[in-house]
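Asker: Before I ask anything, let me first share the structure, which is written out below as structure tokens.
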Amino acid sequence: MSINGITGLDHLVVAVRDLDKAQEAYSRLGFTVTPRGHHTELKSANHTVMFGSGTYVELLGIEDKRPANAHYSAFLLKREGIAAVALKTDDARAAREPLTAAGFPAEEAVDFGRPVDLPGGVRDARFTITQIDPETTPGGRVFLCQHHTPDVVWRPDCLEHANSATGLAAFVVAADDPDSVAAAYGRLFGVPVTVRGSARVVETGTAPLIVATPDRLHWTWTDDPAFETPRPFFAGMVVRIADPAKAQQALQKSKFPTVGGNGVLRVGSASAGGAMVAFVAQDFDLDALIP
């Protein structure tokens, strides 16, 4: 089902100042990280962590400051972390009109790509994106992303992870007023907001969006330095794992500080490019994540 041209959450963009360091960090966390790609038109570079569920995490660095990457350059002057969220769409250009009609003004669609080395030779991964006015999406920038070459992006050799990760279970936003923030995203996705304990949940069609106050999120990520960020902000991600023992082994091997308990393995933002990461089993009930 498509509401406002949106069919789900596509990927999270983790903006970092040192792309080599971020690649190493996510590899140490047990993820399979793809080789570096270069966005020719946007003058940015990336690595991705791909999941068979149709979602992924993008580690993004700026190669040369341009108007097209101004948001990320400005973001990185303040901090690292989740700087944007990409939403799935079948037609980024056609989505502009319904988005604007729904109260989410959107820019003209932009086409871009990046070359990818494949066994059969180099192919371009091609995308069309439509940026939504950030004044209407509390916490950060949101854009629609249409994949023209999904077979180039979701390659079988990139989907297996040492930590047994299978996909994004949730995307987390820290807010002082969860009701108003969640309401905005409920309108964007065209769904009612669900109250789950102290959190507010918005179903996206893939991984749900969870909005909660920092004091509630401390239960999941203890006293993470990211909570000093002005709110609302895109705080972190919850990742599904097929084998908790493999995930625990990978995190122990990483030597990063890890907190475990109540079915959740937690990694702080200092270890993951400014994004807080939690790992939960396939059958974990997200209602238990935030009491």
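Asker: Do we find that T40 is surrounded by fewer than 22 Cβ atoms within 10 Å (Cβ to Cβ) and either at pLDDT below 95 or of a type in the set (S, T, Y) (or both) in this structure? It would help to see each step written out before you state the result.
Answerer: Values: surrounded by fewer than 22 Cβ atoms within 10 Å (Cβ to Cβ): yes; either at pLDDT below 95 or of a type in the set (S, T, Y) (or both): yes.
Taking the combined requirement at face value, the residue satisfies it.
Asker: Could you please find all residues in the range 43-55 being under 22 Å from R123 (Cα atoms) and either open to solvent by 10 Å² or more (accessible area, probe 1.4 Å) or part of a helix (DSSP H, G or I) (or both)? Quick ask: steps written out before the conclusion?
Answerer: Residues of the range 43-55 under 22 Å from R123 (Cα atoms): 43-52, 54-55.
Within the range 43-55, K43, G52, G54 qualify.
Asker: Moving on. In the range 129-157, which residues are farther than 30 Å from A174 by Cβ and under 18 Å from the mean Cα position of the chain (by Cα)?
Answerer: From the range 129-157, those farther than 30 Å from A174 by Cβ are 148-152, 155-157; that's our starting set.
Scanning the range 129-157 gives a single hit, P150.
Asker: Continuing with this model, one more query. If I filter the range 266-279 for residues that are assigned to a helix (DSSP H, G or I), among the basic types (K, R) and in contact (Cβ under 8 Å) with a residue 24 or more places away in the chain, do I get at least one hit?
Answerer: no
Asker: T7 is checked against (1) farther than 27 Å from A70 by Cβ; (2) among the β-branched types (V, I, T); (3) open to solvent by less than 20 Å² (accessible area, probe 1.4 Å) and fails just one. What number does that condition carry?
Answerer: All conditions pass for T7, except number (3).
Asker: Among the listed residues R114, R126, R36, R66, which satisfies the condition of being among the charged types (D, E, K, R) and in contact (Cβ under 8 Å) with a residue 40 or more places away in the chain? Break it down into steps so the answer makes sense when it comes.
Answerer: Values: R126 fails: in contact (Cβ under 8 Å) with a residue 40 or more places away in the chain; R36 fails: in contact (Cβ under 8 Å) with a residue 40 or more places away in the chain; R66 fails: in contact (Cβ under 8 Å) with a residue 40 or more places away in the chain.
On inspection, the qualifying residue turns out to be R114.
Asker: Can you tell me which residue among D133, D157 is surrounded by fewer than 14 Cβ atoms within 10 Å (Cβ to Cβ) and among the acidic types (D, E)? It would help to see each step written out before you state the result.
Answerer: Values: D133 fails: surrounded by fewer than 14 Cβ atoms within 10 Å (Cβ to Cβ).
Of D133, D157, the one residue that is surrounded by fewer than 14 Cβ atoms within 10 Å (Cβ to Cβ) and among the acidic types (D, E) is D157.
Asker: Now a separate question. Which residue, of P138, P119, P150, P156, is out of contact with any Ser or Thr (no Cβ under 9 Å at 6 or more places or on another chain) and under 30 Å from V264 (Cα atoms)? I'd like the intermediate steps shown before the answer.
Answerer: Values: P138 fails: out of contact with any Ser or Thr (no Cβ under 9 Å at 6 or more places or on another chain); P119 fails: under 30 Å from V264 (Cα atoms); P150 fails: under 30 Å from V264 (Cα atoms).
Exactly one residue qualifies, and that residue is P156.
Asker: Here is a follow-up. Got a sec? Which of A207, A182, A226, A247 is among the small types (G, A, S), in contact with a Ser or Thr (Cβ under 7 Å, 6 or more places away or on another chain), closer than 24 Å to G54 by Cβ and in a helix (DSSP H, G or I)? Let's see the steps before the verdict.
Answerer: Details: A207 fails: in a helix (DSSP H, G or I); A182 fails: in contact with a Ser or Thr (Cβ under 7 Å, 6 or more places away or on another chain); A226 fails: closer than 24 Å to G54 by Cβ.
Criteria check complete, one pass: A247.
Asker: Give the residues of the range 150-169 that are of a type in the set (V, I, T) and either modelled with pLDDT of 95 or more or on the phi > 0 side of the Ramachandran plot (or both), sorted by residue number.
Answerer: Here is the first cut: in the range 150-169, the ones of a type in the set (V, I, T) are 152-153, 166.
Across the range 150-169, the qualifying residue is only T166.
Asker: Take the residues in the range 229-259 that are over 21 Å from K21 (Cβ atoms) and out of contact with any strand residue (DSSP E or B) (no Cβ under 7 Å at 6 or more places or on another chain); name whichever of them is most open to solvent (accessible area, probe 1.4 Å).
Answerer: Within the range 229-259, the subset over 21 Å from K21 (Cβ atoms) is 230-233, 238, 240-249, 259.
The next check asks that each one be out of contact with any strand residue (DSSP E or B) (no Cβ under 7 Å at 6 or more places or on another chain); those that pass are 230, 243, 245-246, 249.
Numbers: P230: 106, D243: 54, A245: 68, K246: 105, Q249: 124 Å².
In this case the residue turns out to be Q249.
Asker: Take the conditions surrounded by 14 or more Cβ atoms within 10 Å (Cβ to Cβ), outside any loop (DSSP other than H, G, I, E, B) and more than 18 Å from the chain's Cα centre (by Cα) and apply them to T166. Does it pass? Step through it out loud before you land on a result.
Answerer: Working: surrounded by 14 or more Cβ atoms within 10 Å (Cβ to Cβ): yes; outside any loop (DSSP other than H, G, I, E, B): yes; more than 18 Å from the chain's Cα centre (by Cα): no.
Taking the combined requirement at face value, the residue does not satisfy it.
Asker: I need the full set of residues from the range 83-105 which are more than 20 Å from the chain's Cα centre (by Cα) and either more than 17 Å from G139 (Cβ to Cβ) or basic (K, R) (or both), in order please.
Answerer: Result: D91, R93, A94, A95, R96, E97, P98, L99, T100, A101, A102, P105.
Asker: Can you tell me which of (1) surrounded by fewer than 18 Cβ atoms within 10 Å (Cβ to Cβ); (2) in contact with an Asp or Glu (Cβ under 6 Å, 6 or more places away or on another chain) is the one P119 doesn't meet?
Answerer: P119 satisfies every listed condition except (2).
Asker: Applying the selection to the range 186-203, what residues are in contact (Cβ under 8 Å) with a residue 12 or more places away in the chain, of a type outside the set (A, V, I, L, M) and surrounded by fewer than 24 Cβ atoms within 10 Å (Cβ to Cβ)?
Answerer: If the condition is that a residue be in contact (Cβ under 8 Å) with a residue 12 or more places away in the chain, of a type outside the set (A, V, I, L, M) and surrounded by fewer than 24 Cβ atoms within 10 Å (Cβ to Cβ), then G186, R187, F189, G190, R196, G197, S198, E203 are the ones that fit.
Asker: In the list H71, H11, H38, which residue meets the criterion of being within 18 Å of the chain's Cα centre (by Cα) and either among the charged types (D, E, K, R) or closer than 17 Å to F127 by Cα (or both)?
Answerer: Numbers: H71 fails: either among the charged types (D, E, K, R) or closer than 17 Å to F127 by Cα (or both); H38 fails: within 18 Å of the chain's Cα centre (by Cα).
One residue alone meets the criteria, H11.
The values are calculated or read from the model by the stated rules, or taken from the named source; none is laboratory data. Keep in mind it's a predicted model, so treat the numbers as computed, not measured. Don't worry about glycine lacking a Cβ; one is built from the backbone with ideal geometry, like all the others, and counts go over all protein chains shown. To get the accessible areas, we keep the full protein, side chains included, count just its heavy atoms, and leave off ligands, DNA and RNA. Shrake-Rupley method; radii C 1.70, N 1.55, O 1.52, S 1.80 Å.
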